[in-house]
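Q: One structure, pasted below without further comment.
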């Protein structure tokens, strides 16, 4: 059994991660922390965890390092830096679901997150935890930087064609829509029911912090510097992300050829489903699962050559966060990669 501790377990991501871990055949959850709810039963905050016997506790690393081998961190950005460093020093494995170790450059991190990175040397040891592109590195890692939700949908949508000669990497536009759970559980006026219901709005245009994360991984895949236009939108639903990605092609291509590239790239991936020609990904079809559904389309009506259009759908709390974290754990410990994750979409 893998003894795990969940640090910061009172948010949406933490609750979904706890649900997955409690159902995992090879895991024993030894601690769940929350400063806000310390001393109260987990079931007081999340009714679905009745009879688990778990109680939220304050963060005491000296105590926790004696009780767990693997630590999941579901903390706000900027607050994970030192905790990851302390756990690494103590010889513990860490899967960090914040953005603190996702970017390779401390300068880029500081530019986008407006705070210094105090452990820049550890950035070189952290592995970006997107299994479909970094599986071999994840197997050997001690620090996993779990990907962001928007980047997961964008990178998986583009990975099969990055580095292909026919793709113009200067033309990438990522248009994403997310449910409100992506904003977290703390109350704020923009995410109140009356503000969100019956409304769709763009936000973070040209300044969203997931932009450098997407660019970093696409640049690595293409072996060239990639810059994108990324616009996220908030839509009135609880969970899910749908990304529509536009890429100009340098030469005439058949849709069937590109679809074959996608199917070949993902043929051994248990959680990526390349849909058949003409099918559209739906957030409802991936809700509550660790799947990413992808469809590929071509547009040659613009008069300026062919454009590739990729549509991807994920559950932002599962494949975009907690499910990916469990998938990373399975790889790190040599377990069946799908262990604890083969759930189906709930019916409406």
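Read-outs: derived from the displayed coordinates by stated rules, not from any lab. What you see is a predicted model; the values in this text were computed from it and never measured. In this analysis, Cβ positions are derived from the backbone assuming ideal geometry, glycine residues included, and neighbour counts consider all displayed protein chains.
Q: Rounded to the nearest 5, what % of DSSP beta bridges with both residues in the chain are antiparallel?
A: On the way: 25 of 55 bridges.
For the chain, the DSSP antiparallel bridge percentage is about 45.
Q: I need the Kirkwood Rh of the chain: take the reciprocal of the average 1/r across all distinct C-alpha pairs and report it in angstrom.
A: Over the chain, the inverse of the mean reciprocal pair distance is 20.7 Å.
Q: Would you mind getting me the FRET efficiency between residue 58 and residue 223? Use the beta-carbon distance for r and R0 = 45 Å, nearest 0.05.
A: According to the calculation, E is roughly 0.45.
Q: Please check which bits of the range 84-106 a label hung off residue 121 would reach, taking the label as a point 7 Å along Cα-to-C-beta and the cut-off as backbone N under 16 Å.
A: Residues passing the 16 Å test: 84-91, 106.
Q: Over all alpha-carbon pairs in the range 150-317, figure out the percentage whose distance exceeds 26 Å.
A: 28 percent
Q: Got the relative contact order for the range 279-327 handy, in percent, Cα pairs under 8 Å and 6 or more residues apart? Kindly include the intermediate steps, with their values, before the conclusion.
A: Numbers: 73 pairs, mean separation 19.6, N = 49.
About 40 percent, as a whole number.
Q: Looking at the range 1-79 only, what percent of DSSP beta bridges run antiparallel? Nearest 5 please.
A: 10 percent
Q: Moving on. Roughly what percent of Cα-Cα pairs across the range 226-275 reach past 15 Å?
A: Considering the range 226-275, 67 percent of its Cα-Cα pairs are separated by more than 15 Å.
Q: Between residue 108 and residue 170, what length in nm is gained on full extension when 0.36 nm per residue of separation is reduced by their alpha carbon distance?
A: Contour length minus the Cα-Cα distance gives 20.3 nm.
Q: So what's the back-of-envelope 222 nm ellipticity for the chain, counting only DSSP H runs of four-plus at -39500 (n - 2.57) apiece and dividing by all residues, rounded to 500?
A: Numbers: 13 runs with 101 residues, N = 348.
So the calculated ellipticity at 222 nm is -7500 deg cm²/dmol.
Q: Could you rank the peptides 310-322, 79-91 by their average count of other C-beta atoms within 10 Å per residue, with the highest value first?
A: Top to bottom by mean Cβ count within 10 Å: 310-322, 79-91.
Q: Could I ask something else about it? Cα axis of helix 12-22 to longest principal axis of the chain: angle in degrees, 0 to 90, nearest 10?
A: The two axes meet at around 70 degrees.
Q: Okay, moving on. If you average 1/r over every pair of different alpha-carbon atoms in the range 233-348 and take one over that average, what Kirkwood value in Å do you get?
A: In the range 233-348 this quantity evaluates to 15.6 Å.
Q: Need one number: % antiparallel among DSSP beta bridges in the range 150-317, to the nearest 5.
A: Percentage antiparallel, nearest 5: 75.
Q: Quick one: if you take sqrt(5λ) for each eigenvalue of the C-alpha gyration tensor of the range 38-141, what semi-axes come out, biggest first, whole angstrom?
A: 28, 16, 15
Q: Does anyone have the angle between helix 255-265 and the longest principal axis of the chain? Alpha-carbon axes, 0 to 90°, nearest 10?
A: For 255-265 against the chain, the angle is about 30 degrees.
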